[in-house]
Amino acid sequence: MKSAPPILGLTMGDPAGIGPEICLQALRSPRVFASCTPVLFGDVTVLNRAAQAAGNAGVDCRVASVSDLYGFSEINEPLVVDCGAIEAASIVPGKISAACGKAGYVYIEDAIKAALAGKIDGVVTAPIHKESLHLSGVKFPGHTEIFTALTGAKRSCMMLYSDKLTVSMVTTHIGYHEVPGKLSVDRVLNVIELTAEVMKQLLGREPLLGVCGLNPHAGEKGLFGNREEENFVEPAVKSARERGIRVEGPLVPDAAFTTGQRKKFDAIVTLYHDQGHIPFKMLAFDTGVNITLGLPIIRTSVDHGTAFDIAWQGKAQATSLFSAIDVAAGLALGKLKGATR
């Protein structure tokens, strides 16, 4: 557990999106400085060009190369690590491109390496564009899968955290028809355990978790679906209870996020992407934080996309990025201010 402000690596995200703008806001924010020392992995020329297009100030802090970073004995001021991943002049704001997808991946890769080497205390990511990523030849569907692979994590899952609702996902970036085949008792149990572990750290007490069923009415004892609740959810919940975790389920999915139900639980485990994302974004789109659980490093992220429609126009708000920085700093310090759900 750290006592000094943690050093957090920010990744710039897709260069054609709002990532450059919101990251520059973070480098100038007293709120961010109160939480951590930010180190931005990106391209200086892109940051300056995006700032100029938006009518804002560009980079006005220390700049280093990737190799320079490893020569620093300590980092005690905001820093931009210039990754040299893309030519700024080649970027068309708001447009999908392989070059931007590759650059976004390079920033992530460099930040993960720095975290694994102990140069930074965690990574906070700005949004990437999945189609651009795919066009670049990077076959990971998203951040969660990239971080899991590059850190060598044996198990991981996505969690969306806010003061209004917290959800974690057993499956994420796959089609609906694939979900039942990806479920297993171990997979559901892993997500329950990971969620319980991080919620205890965030709240400072044993959490109460709920686990959704897959089918309407949680299957109605086989009336709907192929008994996924009985085959996977119920045994996982039973095993989790035997391990001392406070958990209930399977919950009826269409009622799990009503006011009374969601306030009962500290977090709800969901079985697929939209089962958790839709209610979460209805309640906490501007302030929600994406956390990857199970990694050997801290990783949080904004819970929004690249917003290509407003990229480089000076309209982007860094609210979610600031929340992600606050949560990452809290995890690095072993406490999270205001986490009282």
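Among the residues of segment 218-230, the ones that are touching a residue at least 12 places away in the same chain (Cβ under 8 Å) and surrounded by 16 or more Cβ atoms within 10 Å (Cβ to Cβ) come to 5 in all.
Answer yes or no as to whether Val81 is in contact with a Cys (Cβ under 6 Å, 6 or more places away or on another chain) and closer than 24 Å to Ile325 by Cβ. Break it down into steps so the answer makes sense when it comes.
Numbers: in contact with a Cys (Cβ under 6 Å, 6 or more places away or on another chain): no; closer than 24 Å to Ile325 by Cβ: yes.
When the stated conditions are applied, Val81 does not pass them.
Name the residue that is nearest to Asp14 (Cα to Cα), counting only residues in segment 121-178 that are assigned to a loop (DSSP other than H, G, I, E, B) and hydroxyl-bearing (Ser, Thr, Tyr). Filtering first and then ranking leaves Ser136. Determine, yes or no, whether Val59 is open to solvent by less than 60 Å² (accessible area, probe 1.4 Å), in contact with a Leu (Cβ under 7 Å, 6 or more places away or on another chain), part of a loop (DSSP other than H, G, I, E, B) and within 19 Å of Val124 (Cβ to Cβ). Yes; evaluated as a whole, the condition is true for this residue. Quick one: in segment 300-314, which of the residues that are at pLDDT below 95 and open to solvent by 10 Å² or more (accessible area, probe 1.4 Å) is nearest to Leu24 (Cα to Cα)? Applying the filter and picking the extreme gives Gly314. No other residue among Thr172, Thr125 is open to solvent by 20 Å² or more (accessible area, probe 1.4 Å), among the hydroxyl-bearing types (Ser, Thr, Tyr) and touching a Gly at 6+ places or on another chain (Cβ under 8 Å) apart from Thr172. Evaluation of Arg262 against the conditions (1) part of a helix (DSSP H, G or I); (2) closer than 20 Å to Arg187 by Cβ shows that the sole unmet condition is (2).
Among the residues making up segment 204-217, those that are of a type in the set (Gly, Ala, Ser) and either over 24 Å from Thr166 (Cβ atoms) or surrounded by 20 or more Cβ atoms within 10 Å (Cβ to Cβ) (or both) are Gly210, Gly213. Residues that are out of contact with any Pro (no Cβ under 7 Å at 6 or more places or on another chain), modelled with pLDDT under 95 and surrounded by fewer than 17 Cβ atoms within 10 Å (Cβ to Cβ) occur at least once in segment 76-86.
Applying a threshold of 8 Å to beta carbon distances and a minimum spacing of six or more residues, or different chains, the list of pairs starting in segment 94-116 at a residue that is within 21 Å of Glu74 (Cα to Cα) and open to solvent by 30 Å² or more (accessible area, probe 1.4 Å) and ending at one that is not in a helix (DSSP H, G or I) and not β-branched (Val, Ile, Thr) reads Leu116/Pro296.
Which of the residues that make up segment 135-148 are open to solvent by 50 Å² or more (accessible area, probe 1.4 Å) and more than 19 Å from the chain's Cα centre (by Cα)? Within segment 135-148, Leu135 is the sole residue that qualifies.
The values are calculated or read from the model by the stated rules, or taken from the named source; none is laboratory data. Just so it is clear, the model here is predicted, and its values are computed rather than measured. Positions of Cβ are backbone-derived with ideal geometry, glycine not excepted, and every protein chain shown enters the neighbour counts. Keep in mind that these areas ignore ligands, DNA and RNA; they rest on the heavy atoms of the full protein, side chains included. Shrake-Rupley method; radii C 1.70, N 1.55, O 1.52, S 1.80 Å.
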